[in-house]
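Here the structure comes first, spelled out in structure tokens, and everything after it is commentary.
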Amino acid sequence: MFINRCAINSVPEQVGVVATTIEGFLDSLPKNRDDPDAHVQDERFFPRMGRTHIIMPFNVNYTGKSIRTVPYTHQDSPSLRLLARLMTTKFLHQEIREKGGAYGGGATSGSGVFQYYSYRDPNSVETLDVFDRSVQWAVDGSFTDQDVDEAKLSVFSQIDGPVPPGSKGMTRFVHGITDEQRQQHRQRLFLATRQSLIESAQRYLPEDRGESAVAILGPQNEKTMNRPDWNVIEDIDETLVVHTSN
């Protein structure tokens, strides 16, 4: 059986009306996982580790890289969160935007994934090289204690900022994170040091330490078409064409 949960954001006078409408919608959904209508299948897509270039009619690229790390409650999660903020402000911004000419780029960490991104980027695989170089930058500890303190201030300004009424309680509703777990995470953020960030970078971010995936959305690019480790996906006349050198 499916268990349906919904969060309602409404003025008090309309809660009853909204709840009735949602209940009617939920009643129309399949009740059993064995029901064929309960599943959406698309043989063209499946999750995998690797490198994918989706050709789009853009003049610029949108790049991303994800590395599987640890969940929110893990003791290293706060260090990875700080590391993402630190790498964004002290390395990635300069390399991706100021030198590379992209509109923006950086790193984030959460939900068990460390993620890099760039958008409206004139570069493609060159930006992926920047992502890789940022790992060595972090592993080498090319930042100061003051840099770590500045990263903490930035992260704390996010987690301690005002919460809109419609977002209150959503962290627990969506992710199952309790107030006690949030406080523990906050305390670990406060206690994190330059050395703990270096150790987390060494433990999780190098290419040979964990599972990762890379994707580019952008124009056709000979740098990916001619490399055996890339899967290139092109949509022509609504027919999906996959080019793979493997």
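The values are calculated or read from the model by the stated rules, or taken from the named source; none is laboratory data. Everything quoted here is computed from the prediction, not taken from an experiment. Every residue, glycine among them, receives a Cβ derived from its backbone with ideal geometry; neighbour counts consider all protein chains shown.
Please give the number of the condition Gly112 fails out of (1) under 30 Å from Thr178 (Cα atoms); (2) at pLDDT 95 or above.
For Gly112, the failing item is (2).
For Ser118, only one of the following conditions fails: (1) loosely packed, with under 13 Cβ neighbours inside 10 Å; (2) more than 16 Å from Ser200 (Cα to Cα). What is its number?
The number of the failed condition is (1).
From Ser111, Ser79, Ser124, which residue is farther than 20 Å from Ala213 by Cα and hydroxyl-bearing (Ser, Thr, Tyr)?
Every option except Ser79 fails the conditions.
Please work out if Glu211 is charged (D, E, K, R) and without any contact (Cβ under 8 Å) to a residue 24 or more places away in the chain.
In short, no.
Just the residues that are in a loop (DSSP other than H, G, I, E, B) and either exposed (fewer than 14 other Cβ atoms within 10 Å of the Cβ) or of a type in the set (Gly, Ala, Ser) (or both), please, taken from the range 221-235.
Asn226, Pro228, Asp229
Restricting attention to the range 29-57, report how many residues are over 27 Å from Arg172 (Cα atoms) and either small (Gly, Ala, Ser) or modelled with pLDDT under 85 (or both).
Within the range 29-57, residues that are over 27 Å from Arg172 (Cα atoms) and either small (Gly, Ala, Ser) or modelled with pLDDT under 85 (or both) number 14.
For the range 199-246, name all the residues that are within 25 Å of Asp140 (Cβ to Cβ), modelled with pLDDT under 85 and among the acidic types (Asp, Glu).
Residue satisfying the conditions is Asp208 alone.
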